[in-house]
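**Student:** Below are the structure tokens for one structure; questions will follow.
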2 protein chains.
Amino acid sequence: MRNFKLTLCYDGTRYDGWQRQGNSDETIQGKLETLLTRLLGQSVEVAGSGRTDAGVHALEQVCSFRAETDEDCETLLGEIRRFLPEDIGALALCDAPPRFHARLSCREKTYVYRIWNSAEPNVFERRWMLAFPQKLDLEAMRAAAAQLVGEHDFSAFCANRHMKKTAVRNLRDVEISRMGGEIRIALTADGFLYHMVRIVVGTLLEVGAGRRAPEEMRAILASRDRMEAGPTAPAQGLTLWSVHY
Amino acid sequence: MRNFKLTLCYDGTRYDGWQRQGNSDETIQGKLETLLTRLLGQSVEVAGSGRTDAGVHALEQVCSFRAETDEDCETLLGEIRRFLPEDIGALALCDAPPRFHARLSCREKTYVYRIWNSAEPNVFERRWMLAFPQKLDLEAMRAAAAQLVGEHDFSAFCANRHMKKTAVRNLRDVEISRMGGEIRIALTADGFLYHMVRIVVGTLLEVGAGRRAPEEMRAILASRDRMEAGPTAPAQGLTLWSVHY
């Protein structure tokens, strides 16, 4: 049984997210498993580095799967490319060590939230950004973000109310940059809770718009209460940017 | 009666091109005229710098229209932005001199044809590029393009068989560049014939793929025969890039 590492990108606009859902095939995992099962003539299960929500995109998503086959990776990658829909791209395929698992082996992930912060419309990249034309105070947002960096219990930034496992994550870095009309918020952590990036971004946007003080972040973290944080930013602005092993 | 200059951009994917067609409203001009007629409470006719084909995009398209109104341009621009569909963007609006006409006053236009020349799929920008994974000889394409530069009768590169007016155009510049997997062919001229850019690109692609010699361009021009040139490249790779007055 070989173990494969497959690197993907996708425009998540029309998908119900990464994770296969019962009968619905409109998930990235569902599309992949159906395709690999047909191509390889055996039931294939795919593990992703993480589950992206409905409407979230990936510039680099990594997944792993086991299969019995003699095909070389280049040929198999060509076949995968030929049959994947236009909005899912296969970037690379290689044999992985036997114990490699896309989720369990993952050391760190970077998500980028893209905001189009201009009155001028952006017709070409609008699908992958949140349109937010109001003025934003980036310095205040950076001051707020700095308080979130480090190892914390991020329960206040988690949409799953019935989490039994630990909500402690190490948010190694938050970088906020502007390029013309676009603002990017890049978050790097060893793991992310359900909706964590989108709730952090929703809270930072409140700070940027002057509706909250940057200093409130510590109290929000300490409360461990989802109601203390800001709203969940829309999925379409979010892209899984890179995955590190 | 005021005369306005409106600068637009659009993702042409779902439109039947610039020019209004009878009942069909799925044209850029149609959308604009309907919107301006409603906004200004008077029948408004819009002239574009040129007619982009169905499926062709614009990073900068300029149009002009006359209307009776006291509204300042900023307010009117805001209203236009509020009602335009997501894939048409209004970039700027200003009062123009009385004799300004978007098409007749236009001095020069630049079109860019974008080619995704890589086996690796591009899921994010595929709507605005032609996917052409085969190897292309850019030097041969540049040598071929150089022979087209200058004032020529471009009948061989025109899809309109019943043109009564002159087919002489001044192709001031053709620039072919590569950035990673993307190749851009930028054509600048005082005017373009029907399908001219797409036929030039289709012919250059044959040269790049080694199916034609660069030296053939002179003979194709001299023939004035559409059958001598290459195929018409697909619309989706083409973008009206800039318009000069």
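**Student:** What is the gain in length, in nm to one decimal, between B:Ser105 and B:His244 on full extension, counting 0.36 nm per residue of separation less the C-alpha to C-alpha distance?
**Tutor:** Extending this stretch completely gives an extra 49.1 nm.
**Student:** Hey, another quick one. Which order do A:Val207, A:Val44, B:Val200 fall in if you start with the one that has the fewest other Cβ atoms within 10 Å?
**Tutor:** In order of increasing Cβ crowding within 10 Å: A:Val44, A:Val207, B:Val200.
**Student:** Determine the distance separating the Cα centre of segment B:155-175 from the Cα centre of segment A:184-245; give it in Å without decimals.
**Tutor:** About 55 Å separates the Cα centre of segment B:155-175 from the one of segment A:184-245.
**Student:** Choose one answer from A:Asn170, A:Asn117, A:Asn160: the residue with the largest mean-square fluctuation in a GNM of chain A with alpha-carbon springs under 10 Å.
**Tutor:** A:Asn160
**Student:** For helix B:196-208, report the angle its Cα long axis makes with the longest principal axis of the Cα atoms of chain B; keep it between 0 and 90° and round to the nearest 10°.
**Tutor:** With rounding to tens, the tilt is 30 degrees.
**Student:** Could you work out the mean count of beta carbons from other protein chains within 10 Å of each residue's beta carbon in B:87-93?
**Tutor:** Per residue, the average neighbour count from other chains is 3.
**Student:** Follow-up question, since we're still on this one. Just checking the output field for B:71-81: average partner chain Cβ neighbours within 10 Å of each residue's Cβ?
**Tutor:** Mean shielding by partner chains, rounded to a whole number: 1.
**Student:** For B:Ala222, put the label point 7 Å out on the Cα→Cβ axis and report which residues of segment B:146-185 keep their amide N under 20 Å from it.
**Tutor:** Backbone N within reach: B:146-158, B:167-169, B:171.
**Student:** Something else now. Mind listing which GluC sites (Glu not before Pro) in segment B:71-103 are in a DSSP loop and have 14 or fewer other Cβ atoms within 10 Å?
**Tutor:** Listed in order of number, the matching sites are B:Glu71, B:Glu86.
**Student:** Next question. When B:His162, A:His57 are ordered from fewest to most other Cβ atoms inside 10 Å of their Cβ, what list results?
**Tutor:** Fewest-to-most Cβ neighbours within 10 Å comes out as B:His162, A:His57.
**Student:** Can you spot the aspartates and glutamates whose alpha carbon is less than 19 Å from A:Lys109's alpha carbon? Ignore those fewer than 8 places along the same chain.
**Tutor:** Here the aspartates and glutamates satisfying the reach criterion relative to A:Lys109 are A:Asp11, A:Asp53, A:Glu60, A:Glu151, A:Asp153, A:Asp173, A:Glu175, A:Asp190.
**Student:** What are the nm distances, shortest first, from A:Asn160 to its equivalents in the other copies, labels at 7 Å along Cα→Cβ?
**Tutor:** 6.2
**Student:** Separate question: Hey, what angle do you get for helix A:138-148 against the long axis of chain A, alpha-carbon based, 0 to 90 degrees rounded to 10?
**Tutor:** Its long axis makes an angle of about 70 degrees.
Every read-out reported here was derived from the displayed coordinates using simple, explicitly stated rules and does not represent laboratory data. Since this is a predicted model, take the numbers as computed values, not measurements. In this analysis, Cβ positions are derived from the backbone assuming ideal geometry, glycine residues included, and neighbour counts consider all displayed protein chains.
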